[in-house]
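**Q** Next up is a structure, given as C-alpha coordinates.
The values are calculated or read from the model by the stated rules, or taken from the named source; none is laboratory data. Since we're looking at a predicted model, the values are computed, not measured. As a convention, Cβ positions derive from the backbone with ideal geometry for all residues, glycine included, and neighbour counts pool all protein chains shown. Just so you know, the surface numbers come from the protein's heavy atoms only, side chains and all, with ligands and any DNA or RNA stripped out. Shrake-Rupley method; radii C 1.70, N 1.55, O 1.52, S 1.80 Å.
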Amino acid sequence: MASYIEGVGMVKVERHYEKDLYQLAAEAAFNAIDQAGGASGIDYIVVSNALSSVQDEQLDLGGYIALSLGLRGVRALKVEAGEASGLAAVAVAHSLIESNVADKVLVVGVEKVTEFQSSKTYRHLQMVFDANSRSFYNVGFAADAAMLTRIYMDTYNVDRDLLSYWPALMHNNAKENPYAMLNFAIKPDRVSKSQVMADPITLLDSYPLGDGAAALLLSSKDSSKSPMAKITAVESASGLGSLELVDDPLIIDSLAEAYRRLQNIASTDGVDVIELHDSFTIMGLLTLETIGLAPRGKAAELVANGRFSAGGEGPVVNPSGGLKARGHPIGATGVYQVAEVALQVAGKFPGLQVRGARKGLAVSINGVGSNSYVALVEGVE
(Lines give C-alpha, C1' and ligand atoms only; values in the text may rest on other atoms or scores of the structure.)
Protein backbone atom coordinates (compact mmCIF):
# COMPACT_ATOMS: atom_id res chain seq x y z
CA MET A 1 0.00 0.00 0.00
CA ALA A 2 1.35 3.40 -0.94
CA SER A 3 1.27 6.66 0.93
CA TYR A 4 0.61 9.78 -1.13
CA ILE A 5 2.59 13.01 -1.02
CA GLU A 6 0.22 15.98 -1.18
CA GLY A 7 2.60 18.74 -0.22
CA VAL A 8 6.29 19.43 0.34
CA GLY A 9 8.16 22.31 1.92
CA MET A 10 11.87 23.07 2.15
CA VAL A 11 14.07 25.76 3.66
CA LYS A 12 17.34 26.71 2.00
CA VAL A 13 20.15 24.89 3.80
CA GLU A 14 22.19 27.65 5.35
CA ARG A 15 23.66 28.93 8.61
CA HIS A 16 20.41 30.45 9.83
CA TYR A 17 21.72 32.38 12.81
CA GLU A 18 18.59 34.53 12.84
CA LYS A 19 16.11 31.60 13.05
CA ASP A 20 15.60 29.07 15.81
CA LEU A 21 14.62 25.42 15.50
CA TYR A 22 10.89 26.15 15.65
CA GLN A 23 10.98 28.91 13.05
CA LEU A 24 12.81 26.65 10.61
CA ALA A 25 10.32 23.83 11.21
CA ALA A 26 7.35 26.16 10.80
CA GLU A 27 8.60 27.58 7.50
CA ALA A 28 8.91 24.13 5.93
CA ALA A 29 5.75 22.72 7.53
CA PHE A 30 3.45 25.58 6.52
CA ASN A 31 4.78 25.47 2.95
CA ALA A 32 3.87 21.77 2.76
CA ILE A 33 0.48 22.36 4.40
CA ASP A 34 -0.35 25.26 2.09
CA GLN A 35 0.62 23.24 -0.96
CA ALA A 36 -1.67 20.44 0.19
CA GLY A 37 -4.59 22.80 0.72
CA GLY A 38 -4.62 23.05 4.50
CA ALA A 39 -4.04 21.18 7.76
CA SER A 40 -7.49 19.65 8.07
CA GLY A 41 -7.43 15.96 8.91
CA ILE A 42 -3.82 15.67 10.08
CA ASP A 43 -3.72 12.72 12.50
CA TYR A 44 -0.02 12.62 13.30
CA ILE A 45 3.06 14.76 13.20
CA VAL A 46 6.34 12.86 12.97
CA VAL A 47 9.43 14.99 13.58
CA SER A 48 12.92 13.89 12.57
CA ASN A 49 15.90 15.38 14.35
CA ALA A 50 19.25 14.10 15.56
CA LEU A 51 20.71 16.72 17.88
CA SER A 52 17.93 18.67 19.64
CA SER A 53 18.68 17.19 23.05
CA VAL A 54 22.27 18.48 22.98
CA GLN A 55 22.20 21.42 20.57
CA ASP A 56 18.86 22.87 21.69
CA GLU A 57 18.48 21.18 25.11
CA GLN A 58 14.99 20.04 24.07
CA LEU A 59 13.23 16.72 24.63
CA ASP A 60 9.80 15.75 23.23
CA LEU A 61 10.51 17.82 20.15
CA GLY A 62 7.53 16.30 18.33
CA GLY A 63 5.07 17.53 20.92
CA TYR A 64 6.52 21.02 21.10
CA ILE A 65 6.71 21.46 17.34
CA ALA A 66 3.08 20.31 17.06
CA LEU A 67 2.16 22.98 19.60
CA SER A 68 4.20 25.66 17.82
CA LEU A 69 2.38 24.85 14.56
CA GLY A 70 -1.03 25.20 16.19
CA LEU A 71 -1.70 21.46 15.86
CA ARG A 72 -2.62 20.92 19.48
CA GLY A 73 -4.25 17.55 20.07
CA VAL A 74 -2.65 15.65 17.18
CA ARG A 75 -0.51 12.64 17.97
CA ALA A 76 3.15 13.62 17.88
CA LEU A 77 6.49 11.91 18.14
CA LYS A 78 10.14 12.46 17.34
CA VAL A 79 12.23 9.93 15.41
CA GLU A 80 16.00 9.77 15.75
CA ALA A 81 18.39 7.56 13.79
CA GLY A 82 21.44 9.80 13.56
CA GLU A 83 22.13 10.95 10.01
CA ALA A 84 19.34 8.66 8.79
CA SER A 85 16.71 10.28 11.04
CA GLY A 86 14.83 11.95 8.18
CA LEU A 87 14.19 8.83 6.16
CA ALA A 88 13.48 6.90 9.36
CA ALA A 89 10.70 9.41 10.11
CA VAL A 90 9.33 8.96 6.59
CA ALA A 91 9.35 5.19 7.18
CA VAL A 92 7.34 5.63 10.39
CA ALA A 93 4.84 7.95 8.71
CA HIS A 94 4.47 5.59 5.73
CA SER A 95 3.86 2.68 8.13
CA LEU A 96 1.18 4.63 10.02
CA ILE A 97 -0.72 5.16 6.78
CA GLU A 98 -0.03 1.66 5.43
CA SER A 99 -1.42 0.07 8.61
CA ASN A 100 -4.52 2.32 8.61
CA VAL A 101 -3.54 3.96 11.91
CA ALA A 102 -3.58 7.39 10.29
CA ASP A 103 -5.07 9.00 7.18
CA LYS A 104 -2.85 12.07 7.07
CA VAL A 105 0.64 12.53 8.55
CA LEU A 106 2.85 15.60 8.60
CA VAL A 107 6.56 14.76 8.52
CA VAL A 108 8.91 17.54 9.57
CA GLY A 109 12.68 17.16 9.49
CA VAL A 110 14.58 19.94 11.22
CA GLU A 111 18.11 20.52 12.48
CA LYS A 112 19.79 23.57 13.99
CA VAL A 113 23.53 22.96 14.13
CA THR A 114 24.74 26.54 14.55
CA GLU A 115 23.85 27.00 18.21
CA PHE A 116 27.48 26.39 19.17
CA GLN A 117 30.87 26.91 17.59
CA SER A 118 31.75 24.26 15.02
CA SER A 119 34.20 22.38 17.26
CA LYS A 120 31.44 21.67 19.80
CA THR A 121 28.93 20.78 17.11
CA TYR A 122 31.36 18.28 15.59
CA ARG A 123 31.83 16.78 19.06
CA HIS A 124 28.08 16.29 19.25
CA LEU A 125 28.11 14.74 15.79
CA GLN A 126 30.57 12.09 17.01
CA MET A 127 27.56 10.52 18.69
CA VAL A 128 26.56 8.95 15.37
CA PHE A 129 29.29 6.41 16.17
CA ASP A 130 29.13 3.69 18.84
CA ALA A 131 29.54 5.39 22.24
CA ASN A 132 30.94 2.20 23.78
CA SER A 133 33.80 1.91 21.37
CA ARG A 134 34.32 4.84 19.05
CA SER A 135 32.46 8.10 19.56
CA PHE A 136 34.57 9.52 22.39
CA TYR A 137 37.96 8.54 20.97
CA ASN A 138 36.98 8.54 17.32
CA VAL A 139 39.49 9.95 14.85
CA GLY A 140 36.70 11.90 13.17
CA PHE A 141 34.47 11.79 10.13
CA ALA A 142 37.13 12.92 7.69
CA ALA A 143 39.64 10.36 8.91
CA ASP A 144 37.11 7.54 8.52
CA ALA A 145 36.34 8.76 5.00
CA ALA A 146 40.06 9.04 4.30
CA MET A 147 40.69 5.44 5.37
CA LEU A 148 37.81 4.22 3.19
CA THR A 149 39.08 6.29 0.28
CA ARG A 150 42.62 4.95 0.64
CA ILE A 151 41.33 1.35 0.77
CA TYR A 152 39.19 2.04 -2.32
CA MET A 153 42.08 3.59 -4.26
CA ASP A 154 44.52 0.81 -3.35
CA THR A 155 42.05 -2.06 -3.89
CA TYR A 156 40.80 -0.92 -7.29
CA ASN A 157 43.85 1.07 -8.44
CA VAL A 158 41.85 4.29 -8.66
CA ASP A 159 43.65 7.61 -9.10
CA ARG A 160 42.89 10.43 -6.65
CA ASP A 161 42.04 12.81 -9.49
CA LEU A 162 39.36 10.44 -10.75
CA LEU A 163 37.49 10.87 -7.46
CA SER A 164 37.29 14.62 -7.99
CA TYR A 165 34.59 14.30 -10.63
CA TRP A 166 31.98 13.44 -7.98
CA PRO A 167 32.17 16.78 -6.08
CA ALA A 168 32.30 18.65 -9.39
CA LEU A 169 29.11 16.91 -10.56
CA MET A 170 27.36 17.65 -7.26
CA HIS A 171 28.23 21.35 -7.42
CA ASN A 172 27.20 21.54 -11.06
CA ASN A 173 23.82 20.04 -10.16
CA ALA A 174 23.35 22.32 -7.15
CA LYS A 175 23.97 25.59 -8.98
CA GLU A 176 20.32 25.63 -10.11
CA ASN A 177 18.84 24.51 -6.77
CA PRO A 178 17.49 27.47 -4.76
CA TYR A 179 17.59 25.36 -1.57
CA ALA A 180 21.26 24.38 -1.90
CA MET A 181 23.88 25.80 0.44
CA LEU A 182 26.74 25.58 -2.05
CA ASN A 183 25.03 26.44 -5.33
CA PHE A 184 28.09 27.21 -7.39
CA ALA A 185 30.05 25.16 -9.92
CA ILE A 186 33.61 23.89 -9.45
CA LYS A 187 36.09 22.16 -11.75
CA PRO A 188 37.38 18.67 -10.87
CA ASP A 189 40.98 19.86 -10.61
CA ARG A 190 40.01 22.24 -7.82
CA VAL A 191 38.98 19.37 -5.50
CA SER A 192 42.36 17.71 -4.92
CA LYS A 193 44.00 21.14 -4.59
CA SER A 194 41.69 22.30 -1.80
CA GLN A 195 42.57 22.15 1.90
CA VAL A 196 43.49 18.65 3.08
CA MET A 197 41.23 17.39 5.88
CA ALA A 198 42.70 13.89 6.18
CA ASP A 199 44.83 12.69 3.30
CA PRO A 200 43.58 11.98 0.63
CA ILE A 201 40.30 13.69 1.64
CA THR A 202 40.09 17.43 1.01
CA LEU A 203 37.58 20.06 2.05
CA LEU A 204 35.73 19.80 -1.26
CA ASP A 205 35.15 16.07 -0.71
CA SER A 206 33.04 16.88 2.34
CA TYR A 207 29.57 18.24 3.09
CA PRO A 208 28.97 21.74 4.50
CA LEU A 209 27.51 22.13 7.98
CA GLY A 210 24.18 23.95 7.80
CA ASP A 211 20.75 24.37 9.38
CA GLY A 212 17.67 23.21 7.54
CA ALA A 213 14.09 21.98 7.59
CA ALA A 214 11.94 20.04 5.15
CA ALA A 215 8.38 18.75 5.40
CA LEU A 216 6.03 16.30 3.69
CA LEU A 217 2.27 15.94 4.04
CA LEU A 218 1.41 12.28 3.47
CA SER A 219 -2.08 10.87 3.00
CA SER A 220 -3.78 7.55 2.43
CA LYS A 221 -5.31 6.86 -0.95
CA ASP A 222 -8.84 7.42 0.34
CA SER A 223 -8.09 10.85 1.78
CA SER A 224 -5.70 12.00 -0.93
CA LYS A 225 -7.08 14.72 -3.21
CA SER A 226 -4.37 15.77 -5.65
CA PRO A 227 -1.09 14.03 -4.77
CA MET A 228 2.13 14.92 -6.59
CA ALA A 229 3.76 11.54 -5.94
CA LYS A 230 3.48 8.37 -3.91
CA ILE A 231 5.84 6.46 -1.64
CA THR A 232 5.56 2.89 -2.85
CA ALA A 233 7.87 1.27 -0.29
CA VAL A 234 10.40 2.06 2.43
CA GLU A 235 12.88 -0.45 3.82
CA SER A 236 15.76 -0.38 6.28
CA ALA A 237 18.40 -2.48 7.99
CA SER A 238 20.96 -2.06 10.73
CA GLY A 239 24.62 -2.91 10.25
CA LEU A 240 27.98 -3.10 11.99
CA GLY A 241 28.70 0.58 11.40
CA SER A 242 32.43 0.19 11.94
CA LEU A 243 35.34 -0.13 9.54
CA GLU A 244 37.09 -2.43 12.01
CA LEU A 245 34.28 -4.98 12.26
CA VAL A 246 33.02 -5.43 8.72
CA ASP A 247 34.36 -8.20 6.50
CA ASP A 248 34.44 -5.88 3.50
CA PRO A 249 34.58 -2.12 4.20
CA LEU A 250 33.87 -1.32 0.54
CA ILE A 251 30.31 -2.65 0.81
CA ILE A 252 27.82 -0.89 3.11
CA ASP A 253 26.31 -3.99 4.72
CA SER A 254 23.17 -2.36 6.13
CA LEU A 255 22.40 -0.67 2.80
CA ALA A 256 22.86 -3.92 0.87
CA GLU A 257 20.30 -5.62 3.12
CA ALA A 258 17.85 -2.68 3.09
CA TYR A 259 17.97 -2.54 -0.70
CA ARG A 260 17.50 -6.30 -0.98
CA ARG A 261 14.39 -6.02 1.20
CA LEU A 262 13.06 -3.15 -0.91
CA GLN A 263 13.51 -5.15 -4.10
CA ASN A 264 11.58 -8.03 -2.52
CA ILE A 265 8.46 -5.88 -2.23
CA ALA A 266 8.77 -3.42 -5.13
CA SER A 267 10.43 -3.18 -8.53
CA THR A 268 13.38 -0.82 -8.80
CA ASP A 269 13.67 -1.30 -12.56
CA GLY A 270 13.63 1.91 -14.53
CA VAL A 271 14.67 4.27 -11.75
CA ASP A 272 15.16 7.72 -13.28
CA VAL A 273 16.55 9.68 -10.34
CA ILE A 274 18.21 8.93 -7.02
CA GLU A 275 19.00 11.17 -4.07
CA LEU A 276 21.68 9.42 -2.05
CA HIS A 277 23.92 9.90 0.98
CA ASP A 278 27.25 11.44 -0.05
CA SER A 279 28.53 13.01 3.16
CA PHE A 280 31.93 12.41 1.56
CA THR A 281 32.82 11.54 -2.03
CA ILE A 282 33.62 7.96 -1.06
CA MET A 283 30.18 7.41 0.51
CA GLY A 284 28.47 8.40 -2.74
CA LEU A 285 30.62 6.02 -4.78
CA LEU A 286 30.19 3.13 -2.33
CA THR A 287 26.43 3.65 -2.29
CA LEU A 288 26.23 3.33 -6.09
CA GLU A 289 28.29 0.15 -5.97
CA THR A 290 26.48 -1.35 -2.99
CA ILE A 291 23.06 -1.13 -4.68
CA GLY A 292 24.43 -2.36 -7.99
CA LEU A 293 24.18 0.80 -10.09
CA ALA A 294 27.92 0.58 -10.75
CA PRO A 295 30.32 -2.40 -10.78
CA ARG A 296 32.64 -2.55 -7.80
CA GLY A 297 35.58 -0.21 -8.20
CA LYS A 298 34.06 1.47 -11.28
CA ALA A 299 31.76 4.16 -9.89
CA ALA A 300 34.41 6.90 -9.94
CA GLU A 301 35.33 6.11 -13.55
CA LEU A 302 31.69 6.04 -14.65
CA VAL A 303 31.03 9.42 -13.02
CA ALA A 304 34.14 10.88 -14.69
CA ASN A 305 32.83 9.62 -18.05
CA GLY A 306 29.44 11.31 -17.60
CA ARG A 307 27.34 8.48 -16.20
CA PHE A 308 24.66 9.50 -13.65
CA SER A 309 24.61 13.10 -14.92
CA ALA A 310 21.65 14.80 -16.58
CA GLY A 311 23.09 14.14 -20.03
CA GLY A 312 24.55 10.71 -19.36
CA GLU A 313 23.40 7.12 -18.99
CA GLY A 314 21.75 5.67 -15.92
CA PRO A 315 19.61 7.39 -13.32
CA VAL A 316 20.52 10.99 -12.56
CA VAL A 317 22.19 11.05 -9.16
CA ASN A 318 21.63 13.91 -6.71
CA PRO A 319 20.18 16.55 -9.05
CA SER A 320 19.76 18.57 -5.84
CA GLY A 321 23.53 18.59 -5.33
CA GLY A 322 23.31 15.94 -2.62
CA LEU A 323 24.76 16.25 0.86
CA LYS A 324 27.92 17.53 -0.79
CA ALA A 325 26.42 20.71 -2.25
CA ARG A 326 22.78 21.00 -1.17
CA GLY A 327 24.07 20.50 2.35
CA HIS A 328 23.51 18.00 5.14
CA PRO A 329 21.27 19.26 7.94
CA ILE A 330 21.72 15.85 9.62
CA GLY A 331 18.28 14.81 10.96
CA ALA A 332 16.42 16.69 8.23
CA THR A 333 18.37 15.37 5.24
CA GLY A 334 16.24 12.29 4.52
CA VAL A 335 13.09 14.41 4.39
CA TYR A 336 14.77 16.72 1.87
CA GLN A 337 15.67 13.68 -0.23
CA VAL A 338 12.10 12.37 -0.41
CA ALA A 339 10.75 15.87 -1.08
CA GLU A 340 13.26 16.34 -3.89
CA VAL A 341 12.47 12.99 -5.52
CA ALA A 342 8.73 13.69 -5.21
CA LEU A 343 9.16 17.02 -7.00
CA GLN A 344 11.24 15.31 -9.68
CA VAL A 345 8.64 12.69 -10.52
CA ALA A 346 5.97 15.39 -10.47
CA GLY A 347 8.02 17.48 -12.92
CA LYS A 348 8.13 20.38 -10.46
CA PHE A 349 11.67 20.47 -9.07
CA PRO A 350 12.83 24.11 -9.07
CA GLY A 351 16.44 23.27 -9.94
CA LEU A 352 17.84 20.64 -12.30
CA GLN A 353 14.72 18.80 -13.46
CA VAL A 354 15.19 15.23 -14.75
CA ARG A 355 13.14 15.00 -17.92
CA GLY A 356 10.43 12.39 -17.86
CA ALA A 357 11.27 11.20 -14.35
CA ARG A 358 8.61 8.82 -13.04
CA LYS A 359 10.45 6.68 -10.50
CA GLY A 360 13.09 7.60 -7.93
CA LEU A 361 15.00 6.40 -4.90
CA ALA A 362 16.05 8.12 -1.68
CA VAL A 363 18.94 6.57 0.27
CA SER A 364 20.01 7.64 3.76
CA ILE A 365 22.79 6.19 5.92
CA ASN A 366 24.04 6.83 9.43
CA GLY A 367 27.81 7.01 9.83
CA VAL A 368 29.42 4.29 7.78
CA GLY A 369 26.41 2.01 7.98
CA SER A 370 24.99 1.42 11.46
CA ASN A 371 21.56 2.09 9.92
CA SER A 372 20.39 2.50 6.33
CA TYR A 373 17.02 3.44 4.83
CA VAL A 374 15.81 3.28 1.23
CA ALA A 375 12.54 4.69 -0.14
CA LEU A 376 10.96 4.18 -3.55
CA VAL A 377 8.99 7.22 -4.78
CA GLU A 378 6.88 7.16 -7.94
CA GLY A 379 4.73 9.51 -9.95
CA VAL A 380 0.94 9.27 -9.96
CA GLU A 381 -1.37 9.23 -12.98
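**Q** Just tell me which aspartates and glutamates come within less than 20 Å, Cα to Cα, of residue 225; anything on the same chain fewer than 8 places away is out.
**A** Hits, sequence-local ones excluded: 6, 34, 43, 98, 103, 378, 381.
**Q** For a quick protection proxy, order the peptides 337-346, 59-68, 252-261 by their average other-Cβ count within 10 Å, most packed first.
**A** Most protected by this proxy first, the peptides run 337-346, 252-261, 59-68.
**Q** I'd like the orientation of helix 141-156 relative to the chain: the angle between its Cα long axis and the longest Cα principal axis, in ° from 0 to 90, rounded to 10.
**A** 50 degrees
**Q** Averaged per residue, what accessible area in Å² does the chain show with a 1.4 Å probe, protein chains only?
**A** Result: 38 Å² of accessible area for each residue.
**Q** Enter the Cα centre distance for the pair the range 346-381 and the range 247-262, rounded to the nearest angstrom.
**A** Between the Cα centre of the range 346-381 and that of the range 247-262, the gap is 18 Å.
**Q** Rounded to a whole number, what % of the accessible area of the chain do carbon and sulfur atoms account for, probe 1.4 Å?
**A** Roughly 47 percent of what the probe reaches on the chain is carbon or sulfur.
**Q** At a probe size of 1.4 Å, how large is the accessible area of residue 8, to the nearest 10 Å²?
**A** Accessible surface of residue 8 is approximately 10 Å².
**Q** Still on this structure, I have one more. Whole number please: convex hull volume per residue of the Cα set in the range 1-98, in Å³?
**A** Enclosed volume per residue, from the Cα hull, is 107 Å³.
**Q** Turning to a different aspect of this structure: Taking one equal scatterer on every alpha-carbon of the range 153-242, how large is log10 of I(q)/I(0) by Debye at q = 0.18 1/Å?
**A** -0.98
**Q** Regarding the range 304-347, what are the three Cα extents along the principal axes, ordered largest first, in Å?
**A** For the range 304-347, the Cα spread along each principal axis is 33, 25, 11 Å.
**Q** Expressed in whole Å with the largest first, what are the equivalent ellipsoid semi-axes of the range 223-317 derived from the C-alpha gyration tensor as the square root of 5 times each eigenvalue?
**A** Semi-axis lengths for the range 223-317 are 24, 20, 11 Å.
**Q** Only Cα pairs within less than 10 Å get springs; with that Gaussian network setup on the chain, which residue of 155, 290, 121 has the largest fluctuation?
**A** Largest GNM mean-square fluctuation: 155.
**Q** With everything on Cα atoms, drop me the angle between helix 21-36 and the longest principal axis of the chain, reported from 0 to 90° to the nearest 10.
**A** So the helix axis and the longest Cα principal axis differ by about 70 degrees.
**Q** Which lysines does residue 78 reach when only Cα atoms under 25 Å apart count, and residues fewer than 8 places away in its own chain are ignored?
**A** Partners within reach: 12, 19, 104, 112, 120, 221, 230.
**Q** From the P(r) of the range 269-381, can you give the percent of Cα pairs sitting at distances over 21 Å?
**A** 29 percent
**Q** Taking a spot 7 Å from the Cα of residue 54 along the direction of its beta carbon, which residues of the range 139-171 have an amide N less than 12 Å from it?
**A** No residues fall inside that zone.
**Q** So what are the ³J(HN,Hα) numbers for the range 227-243, from phi and the Karplus equation (6.51, -1.76, 1.60; θ = phi - 60°), rounded to whole Hz, Gly and Pro as x?
**A** x, 8, 6, 9, 8, 7, 7, 9, 9, 8, 7, 8, x, 6, x, 8, 5
**Q** Still on this structure, please answer the following. Compute the normalised compactness of the chain: alpha-carbon radius of gyration over 2.2 N^0.38 Å, N being the residue count. Walk me through the intermediate numbers first.
**A** Working: Rg = 19.0 Å, N = 381, 2.2 N^0.38 = 21.0 Å.
Its radius of gyration relative to the 2.2 N^0.38 Å reference: 0.90.
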